[in-house]
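For reference, the structure is listed below as structure tokens.
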């Protein structure tokens, strides 16, 4: 099974007050960390970029990535997902599955993505989501049959509605640290405190 990783990094980071993909943790930006993790299973890693496209192009020089410039990034995460799937197909790739992830989960690791692929193969389910804090969230694996639905997403509503719409076609993997994400300066401060313990 061929699997592509689609990294969503087009948002405005409005609650953070600065582009969170460029925040550093353990000597790397969150963007670089996530790309390195994703590169363990996907060459190239597809990255949806918005307002920070040029800065990301510079920051990721030398990394195995293909940037997808989403000019309507302000339309929300749904439109970023749709743009990303369009970008993958437009580049001539036809993966059997796409793992959609974000760059503000600092404890993401390649083994988790590999486990998601394995769980999908064993379960036969069309989607594999991560479970944490009594919810399902990113990263999420989608088999090819969901590509058309992903391309129709728009606005602020992400792919979670597909998980809700087809619950019997969802397998899960535990990602207990998935709830640690960086949306605000307070989140980033908590992350720094975790590192110091």
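At least 2 residues being under 18 Å from residue 137 (Cα atoms) is the threshold, and among the strands (runs of 3 or more DSSP E) wholly inside segment 1-115 those reaching it are 3-9, 97-102.
Do we find that residue 81 is touching a helix residue (DSSP H, G or I) at 6+ places or on another chain (Cβ under 9 Å), over 16 Å from residue 35 (Cα atoms) and crowded, with 23+ Cβ neighbours inside 10 Å in this structure?
So residue 81 fits the description; yes.
Matching residues to (1) in contact with a helix residue (DSSP H, G or I) (Cβ under 9 Å, 6 or more places away or on another chain); (2) under 21 Å from residue 86 (Cβ atoms); (3) in a loop (DSSP other than H, G, I, E, B); (4) modelled with pLDDT under 85:
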position	(1), (2), (3), (4)
129	yes, no, no, no
138	yes, yes, no, no
172	yes, no, no, no
188	yes, no, no, yes
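The values are calculated or read from the model by the stated rules, or taken from the named source; none is laboratory data. Everything numeric here is computed off the predicted structure, so don't read it as measured data. Here Cβ is always computed from backbone atoms with ideal geometry, including for glycine, and neighbour counts include all displayed protein chains.
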